[in-house]
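For reference, the structure discussed in these notes is given below.
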Amino acid sequence: MYHVYVIRSVEKGVLYFGRTENLDERLASHNSGQVTATSRGRPWEYVYVESYKAKQDAVRRELQLKQYGNARTYVKNRLKNSLS
């Protein structure tokens, strides 16, 4: 399975959108500082995950979330109570 995820910095509250095949390993890499984009703001926690059988679907969804403001806004609105 391929996963598109949203993590939130526990310290700063900022969100990061990404994609992985292994959720446990990926979160560990974010929290250990191995990912440049998230090396600040640790620790990180998952707040949203979508799973896909086809890699192409996950890639398309990740790009949509990263490039289009309305997709990011949709996720933020959907998680309104979880992010407060």
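Reported to two decimal places, what Rg/Rh ratio describes the chain when computed on Cα atoms with Rh from the Kirkwood expression?
In the chain, Rg relative to Rh is 0.95.
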³J(HN,Hα), Karplus 6.51/-1.76/1.60, whole Hz, each residue of the stretch 9-22, x for Gly, Pro: 6, 5, 6, 9, x, 6, 10, 9, 10, x, 9, 7, 9, 10
Extreme residue, positive dipole direction of the stretch 18-84, given options Ala28, Thr38, Thr73 (C-beta unit charges): Thr73
Close Lys-Lys pairs in the stretch 2-83, where close means Cα under 21 Å and separation is 8 or more or interchain: 7
Percent RCO, i.e. relative contact order, over the chain, from Cα pairs under 8 Å lying at least 6 residues apart: 34
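To the nearest 20 debye, what charge dipole does the stretch 1-82 have about its Cα centre, counting +1 at the Cβ of each Lys and Arg and -1 at the Cβ of each Asp and Glu?
Computed charge dipole of the stretch 1-82: roughly 340 debye.
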Amide hydrogen neighbours beyond the local backbone of Tyr48, cut-off 5 Å, H modeled: Val6
Backbone HN-Hα couplings from phi across the stretch 63-69 [Karplus 6.51/-1.76/1.60, Hz, Gly and Pro as x]: 4, 4, 5, 7, 9, 10, x
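Taken together, the values in this text are just the output of simple stated rules run on the coordinates, not laboratory data. Note that the structure is a prediction, hence the values are computed from the model and not measured. Backbone-built Cβ (ideal geometry, glycine too); neighbour counts: all protein chains shown.
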